[in-house]
Each structure stands twice: as C-alpha cells, then as structure tokens.
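Nothing in this text is a laboratory measurement; each read-out follows from the coordinates by a stated rule. Since the model is a prediction, treat every value here as computed from it, not as a measurement. Here Cβ is always computed from backbone atoms with ideal geometry, including for glycine, and neighbour counts include all displayed protein chains.
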Amino acid sequence: MRVGIGHDTHRLAEGRPLILGGIRIDHPRGLLGHSDADVVLHAVADALLGAAGLGDIGEHYPDTDPRWSGLDSGKLLDEVVARLARDGWTTVNCDLVIHAQEPKLGPHKSALRENLARLLRVAPSAVNVKAKTGELVGPIGRAEAIACEAVVLIESQ
Ligand code: MG
C-alpha cells in the first residue's frame, strides 16, 4: 500500500464555468486556468501520481502544451487512473478537503462523491468530501480562489 497527497489552487474569475470534481456548479464565477481548472480533480490526480512515485500532473500535462488547453480534467484523471492500473495499482480510498468561501458546497457533496468514485473506480463509500470556508480571511475567505487538498491510498494487486 502507498499513500499520496495532492493540492491545487485556482483563482475565481468572471466569465468562467465553475467545475469541481467534474461537476458543473451554477455560480456567477468559475476557476481560471489553462484546462477547466478543476482544483478537485487536479489535487486527486496529483495524490495518485504521488502515491505511485510518478511525479506530478505538471510533468505529465504541462500547461504550456496546447493539447491540454480547455482540457476536461475528468479525462486527465481517467488517464492517471489507467496509468496506475497498468502498473497494478488500484485505489483504496480518497479523502479530500475543498476550501471555498463560495458557493456553498453542501448541496453538491454527494454528486461530487459519486463522480469521483466513478473516476477512481471505487465505491462511493471509499470517497469522502469535506468542504471548508476561508472564514472570510485570506484569498480563500475573500472568494478570490478555491483550493483543494486530497489524500489517496492505493494498493498493488
Ligand atoms: Mg490545477
């Protein structure tokens, strides 16, 4: 068994769709980035790569590469899961913390959990989603950015 940690932060901006954990969330602002800027899927992908000792998504999917422009991060995470599967790794569980002052994520937690479980090829009970506000301080609390931390456990078959 191996454990991995991932983190990601993206800025909130006008005129962008908000996509978290592969779920489109109705909100006036979305995350800015080269891809769809899905902080949840990026943190989870980095945690998986870290657990397998395979570096980080910046090495595999550089933001200077036009192929990843506007990329659906679900596709990215699916590729990472497939890459680990080829090496005999499966996911045991995933726990994550999303830091967002807005929008309120409570109503979206179960959809996020279901979609992450689908992408990670595990039961929904093996995925846990926690949401924290920034208590109105710092870039998260001022709703300038959303961040996510993820921990995953993988096991070799
Ligand atoms: Mg990112």
Which Rg and Dmax, in Å, describe the Cα atoms of the stretch 1-73? 12.8, 42
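Sorting check: for 61-68, 30-37, which peptide has the highest mean count of neighbouring beta carbons within 10 Å, and how do the rest follow? Intermediate values should be presented prior to the final figure.
Working: 61-68: 11.9, 30-37: 21.2.
Ranking, from highest mean packing down: 30-37, 61-68.
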Given contacts defined as C-alpha pairs under 8 Å and at least six residues apart, what's the relative contact order of the stretch 15-97, whole-number percent? 26
Can you tell which of Val80, Ile98, Ala123 lies farthest toward the positive end of the dipole of the stretch 71-131, using +1 and -1 charges on the Cβ of basic and acidic side chains (Lys, Arg; Asp, Glu)? Ala123
On a 0 to 90 degree scale, rounded to 10, what angle separates helix 109-120 from the longest Cα axis of the chain? 30
Using a Gaussian network model on the chain with a 10 Å cutoff between Cα atoms, which of Val129, Val92, Val137 fluctuates the most? Val137
If r is the Cβ-Cβ distance from Lys130 to His27 and R0 is 22 Å, what FRET efficiency results, to the nearest 0.05? 0.70
Please compute the contact order of the chain in relative form: average sequence separation of alpha-carbon pairs under 8 Å and at least six residues apart, divided by the residue count, as a percent. 33
What fraction of the DSSP beta bridges in the stretch 9-157 is antiparallel, stated in percent and rounded to the nearest 5? 75
Could you tell me what % of all Cα pairs in the chain have separations over 22 Å? 36
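Per DSSP helix of 4 or more residues, -39500 (n - 2.57); summed, then divided by the residues of the chain. What does that give at 222 nm, rounded to the nearest 500? Before the final figure, lay out each step's value.
Values: 5 runs with 47 residues, N = 157.
Rounded to the nearest 500, the figure is -8500 deg cm²/dmol.
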Dipole magnitude of the stretch 36-157 about its Cα centre (Cβ charges: Lys, Arg +1; Asp, Glu -1), debye to nearest 20: 440
Going by alpha carbons, how many degrees (0 to 90, nearest 10) lie between the helix axis of 39-51 and the longest principal axis of the chain? 30
Which angle from 0 to 90°, rounded to the nearest 10, does the C-alpha axis of helix 73-86 make with the longest principal axis of the chain? 20
